[in-house]
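Colleague: Sharing a structure, written as structure tokens. Questions coming.
The values are calculated or read from the model by the stated rules, or taken from the named source; none is laboratory data. Bear in mind that the values here come from a model prediction, so they are computed numbers and not experimental data. Backbone-built Cβ (ideal geometry, glycine too); neighbour counts: all protein chains shown. For accessibility, only protein heavy atoms count, side chains too; no ligands or nucleic acids. Shrake-Rupley method; radii C 1.70, N 1.55, O 1.52, S 1.80 Å.
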Amino acid sequence: MSERASPVVLAAPSGTGKTTLARRLVEDREDYVFSISATTRPPRPGERDGIDYHFVDRARFEEMVVSGEFAEWAEVHGRLYGTPQAQLKHAAESGVHVVLDIDVQGARQLSASVPDTKLIFVLPPDVGTLLSRLTGRGTEGPAEVARRLESALEELQAVENFDYVVVNDDLERCLGMIRGIVSGEIRAMGHEAVEQDVEVFRSEIRRILADDFSDYTNVSS
Ligand code: 5GP
């Protein structure tokens, strides 16, 4: 292949649609593979062990940490998540891009140890979309949704550490942008352009949390 294979990290607040993006990136493509993380989170309905995640208990996860099996790992929403080192090694040896759907802490760790890593931050088009994706999943109760919104507040702050920012307003357009970034056709773009949007998102999320979700249906208006 002509492009240099590098890890591609997609980071975004949960509810941005990045898991769908990551899955679509690798579909029908031999030069992209998805990195399957290990997690202590229980499977959601429909999730399969070894395909969506390697579901493990805390003791097993801690064993993997101690034996150095992770390229990076982090605690997210009270659960442990980690990227198996072996997958990155295998992808590099095979010359394929490995797509990682990980949080901002993991993104930081990975870019420190693999400087080639393409760090892409995915923004939701607006807070209303973010919230309806979080609540619409129907698998998380209000306390979990609140927890994910609190994390989103922090994660949005990390946008300034990313070379690339894409807005997930249209799946196909967003995929095209990401492919362009990976191939090198799209060069690093500043996050300055989205800083104001990010601040608006953060203040809306703070308001939703303070209102206890009572008027979340109006947030995008
Ligand atoms: P979820 O529980 O919704 O699948 O994922 C929650 C968060 O954990 C998401 O932000 C996801 O990107 C992140 N995550 C998933 N796998 C990993 C991983 O291996 N390492 C890190 N640091 N974060 C991960």
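Colleague: Do we have any residue at all in the range 98-106 that's farther than 17 Å from PHE34 by Cα and out of contact with any strand residue (DSSP E or B) (no Cβ under 8 Å at 6 or more places or on another chain)? Show your work before the answer.
Modeller: First pass over the range 98-106, keeping only residues farther than 17 Å from PHE34 by Cα: 104-105.
From what's left, out of contact with any strand residue (DSSP E or B) (no Cβ under 8 Å at 6 or more places or on another chain): none.
No, that holds for no residue.
Colleague: Now a separate question. Can you tell me which residues in the range 86-102 are touching a Phe, Trp or Tyr at 6+ places or on another chain (Cβ under 9 Å), more than 11 Å from the ligand (Cβ to nearest atom) and not aliphatic (A, V, I, L, M)?
Modeller: Within the range 86-102, just HIS97 meets the criteria.
Colleague: Against the conditions (1) closer than 30 Å to ALA92 by Cα; (2) in contact (Cβ under 8 Å) with a residue 12 or more places away in the chain, where does LEU130 fall short? Just the number, please.
Modeller: (1)
Colleague: Can you tell me which residues in the range 105-120 are open to solvent by 10 Å² or more (accessible area, probe 1.4 Å) and either within 11 Å of the ligand (Cβ to nearest atom) or at pLDDT 95 or above (or both)?
Modeller: Residues of the range 105-120 that are open to solvent by 10 Å² or more (accessible area, probe 1.4 Å), as a first pass: 105, 108-109, 111-119.
Scanning the range 105-120 gives GLN105, ARG108, GLN109.
Colleague: Please go through the range 121-147 and pick out each residue that is in contact with a Phe, Trp or Tyr (Cβ under 8 Å, 6 or more places away or on another chain), of a type in the set (A, V, I, L, M, F, W, C) and buried (at least 17 other Cβ atoms within 10 Å of the Cβ).
Modeller: PHE121, LEU123, VAL127, LEU130, LEU131, VAL145
Colleague: If I ask for residues that are open to solvent by less than 20 Å² (accessible area, probe 1.4 Å), small (Gly, Ala, Ser) and either farther than 18 Å from HIS97 by Cα or more than 10 Å from the ligand (Cβ to nearest atom) (or both), which ones from the range 18-56 would you list?
Modeller: Listed by number, the list holds a single entry, ALA38.
Colleague: Take ARG202 and decide whether it is in contact with a helix residue (DSSP H, G or I) (Cβ under 8 Å, 6 or more places away or on another chain), within 15 Å of GLY17 (Cβ to Cβ) and in a helix (DSSP H, G or I).
Modeller: So ARG202 fails the test.
Colleague: Sticking with this structure for a sec: Kindly state which strands (runs of 3 or more DSSP E) lie completely within the range 1-101 and contain at least 3 residues that are without any contact (Cβ under 8 Å) to a residue 40 or more places away in the chain and not acidic (Asp, Glu).
Modeller: Ranges flagged: 70-76.
Colleague: Moving to a separate point now. Working only within the range 81-100, note down all residues that are open to solvent by less than 10 Å² (accessible area, probe 1.4 Å), aliphatic (A, V, I, L, M) and over 13 Å from the mean Cα position of the chain (by Cα).
Modeller: Matches in the range 81-100: ALA91, VAL98.
Colleague: Kindly indicate whether ASP170 is at pLDDT below 85 and out of contact with any Phe, Trp or Tyr (no Cβ under 9 Å at 6 or more places or on another chain).
Modeller: So ASP170 does not fit the description; no.
Colleague: Take the conditions away from the ligand (no atom under 11 Å from the Cβ) and either surrounded by 12 or more Cβ atoms within 10 Å (Cβ to Cβ) or charged (D, E, K, R) (or both) and apply them to VAL66. Does it pass?
Modeller: Working: away from the ligand (no atom under 11 Å from the Cβ): yes; either surrounded by 12 or more Cβ atoms within 10 Å (Cβ to Cβ) or charged (D, E, K, R) (or both): no.
No; evaluated as a whole, the condition is false for this residue.
Colleague: Between a residue in the range 144-172 that is free of Cβ contacts under 8 Å to residues at least 40 places away in the same chain and any residue that is buried (at least 16 other Cβ atoms within 10 Å of the Cβ), which pairs come within a Cβ distance under 6 Å, given they are 6 or more apart or on different chains?
Modeller: Going by the 6 Å Cβ cut-off, the qualifying pairs are VAL159/PHE121; VAL159/HIS191; VAL159/VAL198; GLU160/HIS191.
Colleague: Can I ask one more? With the requirement that a residue be open to solvent by 10 Å² or more (accessible area, probe 1.4 Å) and under 8 Å from the mean Cα position of the chain (by Cα), what does the range 6-17 give you?
Modeller: SER14
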